[in-house]
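Student: My questions all concern the structure below.
Every number here is computed from the coordinates shown, using simple stated rules; none is lab data. Keep in mind it's a predicted model, so treat the numbers as computed, not measured. Methodologically, a virtual Cβ is constructed for each residue, glycine included, from the backbone with ideal geometry; neighbour enumeration extends over all protein chains shown.
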Amino acid sequence: MKILIVDDEPLVRKSLGRAFKARGHEVSEAVDGTEGLARWLESTPDIVFLDVLMPGLSGPELLKEVLPRLRDWKGRVIMMSAYSGEHNVTTAQQMGADLFVPKPFDDIFALVSKAEELFGRR
Amino acid sequence: MTEHKILWVDDDPDVLQSAERLFRGKPWTLVTATTAPVARDLILRENFAVIVADQGLQAASGVDLLEFAKEKSPAASRILLTGSVELSVLEEAVNRGHVFRFVSKPWENEQLLVDISKAIEHHQLKITQSSLLKEVSSQNRQLERLTSGLEQIVTERTITAEDSKIEAEAKLSHVRELVRFIKDLSNLTSAEELLNLIRKELKSFHELRAPVLAYVVADRTPVILFFQGKQIVEREARQMWSTRSRMRINEHEDRVYLANEFGRPFVKTLAIPLKRRAVAPDSSDEAPATLFFEHALPDDKIDPFLSFISERLQPLSIALDRILLEVHLKSTSLQWESTFDGIKDPIAIVDIDYQLVRANRHFSRDPASGSRIFELTCHKVLTGSDTPCRGCPIEDALKSGEARKGQIKRGSRVYDVSSYPIRLEPTDDKATNVINHYVDVTASRELHGRMIQSEKMAAVGLLAGNIAHELNNPLTGIRSLAQVLLAEVPEAGTLKDDVREVEKAAERSQKIIENLLDFSKGEADTKQMLISLNEIVRRTLPMIKTAMREHRSEMSLADDEPTVKVEPHLMQQVVFNLVNNACQAMKDPGTIAIDTTTESDGGGRWSVLHVTDTGVGIPEDIIESIFEPFFTTKEKGQGTGLGLSMSQQVVQKFGGEILVRSAVGEGTRFTVRLPVVEERLS
């Protein structure tokens, strides 16, 4: 499956990217919301990892921007945040995401499995 | 103002002339005499403030003349002018003439003027003294004169009554009774007693009913005092009685007055006015106090009664005057006393040596005792200390002459102190006393302190929260990448172990950040939960590792982990405080032991935490105070004095207790005991 990782923290992009590539998935990355928007529109990924707080376009803003444009898109969005108190699954779903994951992750491979599961349920 | 007269006696006209020159322009009148006889004549005729006499007068010495002056005009200050300084002359002058100053010839003009001024002052002082003395003793003398006059009458009558012994004895006993009456009067302390005495005194006149005394008190309220059965009742008069100063028998206006006052008819009345000097001047015709009787005296008994009462009228008036004055004084001072005692704040008037002049009831440490403790110092009474309280502004207020504020401690209470300098005597030119007003601010200060503390915690919490979140982002990357690498690196070699270390370190960092976030959380979003003391200790330690780094730490946690019901972040603060205190108690590297156990007693199971240090220990005299708010031995800025008091509150809130055992030089052990609360299986 095609994975898009939108996060301004390089190590988060790198670790997620390698974990998915190791499982044979195709990965693209974006360093902020603006780049994220462009990649999303051009590559139509199956799973998008979206950070909340980013310079430029934030995660929720990006969602607002992109979802109306891709009405037929069948992908899934996993929202991530280091400010765990700020968002939870419910608020993330209200914004159009499918899953919320607080940072730091306890086990990155568990996260990969979750994403695969989400893709499978599509 | 009258000019003071000075008499100068000298047989040398030159001397008198230079004296005249010297006194020109001065507010004094100089009278001169060249011989002793002329001077004597002047002394007898006029009043001099100062008499200056030359020792070497013809026909009489200066000392003789001054001795004469001492006898005839004692208020005049006496100065002896003398050419020689013979001891015998000086001795005589002092012994016989009571000389105020010696002036040797030739004199220094300046010095002489000073001496004359001093002599006039001395003279004025004497005059004032004697007039005061006169005033003070005038009433007494009046009574004395009465008594002695009476005694004289006793003697005289005794002599004239030789003819008739029986008559004489009757008169004698009559006068003795009068004397006894006057003595009884002098022992009275209230108007009620006076009325009682009058009734007793008039017992022999059976046809008289109980007396009614009407008088005006200090605030001009008319008052009547009368018998109701055996009781004496005092009440405000409904109207003013006739204050004419002559005795009145069966007069209409008195009958009407009494009838109105008591609501019943009065047929025959006697009205005996009492002159009151304190209220009405001597010349006034008015008598603001009147003694009323209802009577059924037959005509032949009225005269004996009038003469009986007339003899007693003046001492009665004087006694009433004195009693009412005393009562007024007492009630005035009582009003002020109860005013001060009614104020809940301690108030005291002290002098420059911190001696109490006055203090209200709340000033002494035991307000219930009510005992007044004067001639003690304010600090002794207030705090039991022999030295002035630290922070008391009395000295400053006295020095500056202006009101000053300060703050003192009395046991565990904190007081704001205002010192207001005052002059007790209007003649004092600077403040001689201070009114100290104390306001207990312990509660508000504590509240303020707690507010600051919780504001600080909130600020720290916010900061910690921000930092923790900022750290979370890179930490996510580090840990996740380590996990990815762990999966990718070959099993062989040390690389895998190294990466595992990185992953573990990242995990630990994550825990610390979580704890930090928990610890700094505001009280609002926390709940009591079941947690073991071991877990509290484990969560807290990473935060105080820096403080503990210099010391050896011995940790021994209980094997079982019984749970207690607490708000974890509050208990973490307790552990943090105790360990932090332990570290600060050890100036040199020492050992800090943290251990947990479980104990059982009659009250159930307890989870117990000990924090033990090998520090300086806590002296016995302050160990009682260490849990008090704001008690701190740390340098200013190092501690708020709230750590232990807050810890105690927290522990007590969760049903536990906090104990301390300490030995100076050996160390201190704090023990926290919390009731074990097991999770109920539903």
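Student: So how tilted is helix B:36-45 from the main axis of chain B? Cα-based, degrees 0 to 90, rounded to 10.
Tutor: That helix lies at roughly 80 degrees to the long axis.
Student: Compute the relative contact order of chain A as a whole-number percentage, counting only Cα pairs closer than 8 Å that sit 6 or more residues apart in sequence.
Tutor: Computed over chain A, the figure is 23 percent.
Student: Report P(r) for region B:55-101: all Cα-Cα distances, bin width 10 Å, range 0 to the bin holding the largest distance, values in whole percent.
Tutor: Result, from short to long distances: 30, 59, 11 percent.
Student: Say the cut-off is 24 Å between C-alpha atoms; which of B:Lys230/B:Lys268; A:Lys14/A:Lys103; B:Lys171/B:Lys268; B:Lys230/B:Lys301; A:Lys21/B:Lys511; A:Lys103/B:Lys504 go over it? Walk me through the numbers on the way to the answer.
Tutor: Values: B:Lys230/B:Lys268 22 Å; A:Lys14/A:Lys103 15 Å; B:Lys171/B:Lys268 30 Å; B:Lys230/B:Lys301 26 Å; A:Lys21/B:Lys511 29 Å; A:Lys103/B:Lys504 16 Å.
As for pairs spanning more than 24 Å Cα to Cα, those are B:Lys171/B:Lys268; B:Lys230/B:Lys301; A:Lys21/B:Lys511.
Student: What average count of beta carbons from other chains do you get within 10 Å of the Cβ of residues in A:11-24?
Tutor: 4
Student: Would you mind giving the mean number of other chain beta-carbons within 10 Å of the Cβ of each residue in B:467-474, as a whole number?
Tutor: Mean number of neighbouring Cβ atoms from other chains: 5.
Student: Further question: For chain A, what's the radius of gyration and Dmax over Cα atoms, in angstrom?
Tutor: Rg, Dmax (Cα atoms, Å): 12.8, 34.
Student: Taking a quarter of the surface of the Cα convex hull of region B:525-604, what do you get in nm²?
Tutor: That works out to 6.2 nm².
Student: Going by amide H atoms built from the backbone, whose H comes under 5 Å of the H on A:Ser28, apart from near neighbours?
Tutor: A:Ile3, A:Leu4, A:Ile5
Student: What per residue convex hull volume, in Å³, do the alpha-carbon atoms of the protein assembly as shown yield? Working shown, then result.
Tutor: Details: hull volume 349.4 nm³, N = 804.
About 435 Å³ per residue, rounded to a whole number.
Student: Sticking with this structure for a sec: Below 8 Å between Cα atoms, with a sequence gap of 6+, how large is the relative contact order for chain B in percent? If you can, show how the numbers build up before the last one.
Tutor: Working: 1052 pairs, mean separation 35.5, N = 682.
Reported relative contact order: 5 percent.
Student: No partner Cβ under 4.7 angstrom, meaning no disulfide-compatible partner by this rule: which Cys of chain B qualify?
Tutor: Singleton cysteines: B:Cys378, B:Cys583.
Student: Here's another thing I want to ask about it. State the dimensionless ratio Rg/Rh of region A:36-94 (Rg: radius of gyration of Cα atoms; Rh: Kirkwood radius).
Tutor: Over the Cα atoms of region A:36-94, Rg/Rh equals 0.95.
Student: Taking chain B as the reference, fit the longest principal axis to its C-alpha atoms, fit the long axis of helix B:109-160 to the helix C-alpha atoms, and give the angle between the two in degrees, 0 to 90, nearest 10.
Tutor: It is inclined by approximately 70 degrees.
Student: Determine, for B:Glu251, B:Glu599, the number of other Cβ atoms within 10 Å of each Cβ, and report the residues in order from fewest to most.
Tutor: In order of increasing Cβ crowding within 10 Å: B:Glu599, B:Glu251.
Student: Hey, which lysines would be in cross-link range of B:Lys430, C-alpha to C-alpha under 19 Å, not counting anything within fewer than 8 residues on its own chain?
Tutor: Leaving aside lysines fewer than 8 places away in the same chain, those within reach of B:Lys430 are B:Lys399.
Student: Given region B:21-63, report the % of alpha carbon pairs whose separation exceeds 16 Å.
Tutor: Tail of P(r) above 16 Å: 42 percent of Cα pairs.
Student: Show me the ranking of peptides B:471-481, B:387-397 by mean Cβ neighbours inside 10 Å, starting with the highest.
Tutor: Details: B:471-481: 22.5, B:387-397: 17.9.
With the highest mean Cβ count within 10 Å placed first, the list reads B:471-481, B:387-397.
Student: Follow-up. Name the lysines eligible as straight-distance cross-link partners of B:Lys70: C-alpha to C-alpha under 26 Å, and not fewer than 8 places from it in the same chain.
Tutor: Straight-line reach from B:Lys70, under 26 Å: B:Lys5, B:Lys26, B:Lys105, B:Lys118, B:Lys126, B:Lys134.
Student: Two-decimal Rg/Rh of chain B from alpha-carbon positions, Kirkwood Rh?
Tutor: On the Cα set of chain B, Rg over Rh gives 1.27.
Student: Here's something else I'd like to know. Which ³J(HN,Hα) values in Hz, rounded to whole numbers, follow from the phi angles of region B:550-560 under the Karplus curve 6.51 cos²θ - 1.76 cosθ + 1.60, where θ = phi - 60° and Gly and Pro get x?
Tutor: 6, 10, 7, 10, 10, 10, 9, 9, 4, 5, 7
Student: Other chains near A:107-115: what is the mean number of their Cβ atoms within 10 Å of each residue's Cβ?
Tutor: On the way: counts 3, 9, 5, 1, 2, 1, 0, 0, 0.
Mean inter-chain Cβ contacts per residue within 10 Å come to 2.
Student: Let me ask you something else. Starting from the alpha-carbon convex hull of region B:280-363, give the projected area averaged over all orientations, in nm².
Tutor: Values: hull surface 41.6 nm².
The orientation-averaged projected area of the Cα hull of region B:280-363 comes to 10.4 nm².
Student: Hey, fewest Cβ within 10 Å first, where do B:Tyr438, B:Tyr354, A:Tyr83 land in order?
Tutor: In increasing order of surrounding Cβ atoms, one gets A:Tyr83, B:Tyr354, B:Tyr438.
Student: Pull up the DSSP beta bridges for the protein assembly as shown and report the antiparallel fraction as a percent, rounded to 5.
Tutor: Rounded to the nearest five, the antiparallel share is 65 percent.
Student: Starting from the alpha-carbon convex hull of region B:335-449, give the projected area averaged over all orientations, in nm².
Tutor: Hull-based average projected area comes out at 7.7 nm².
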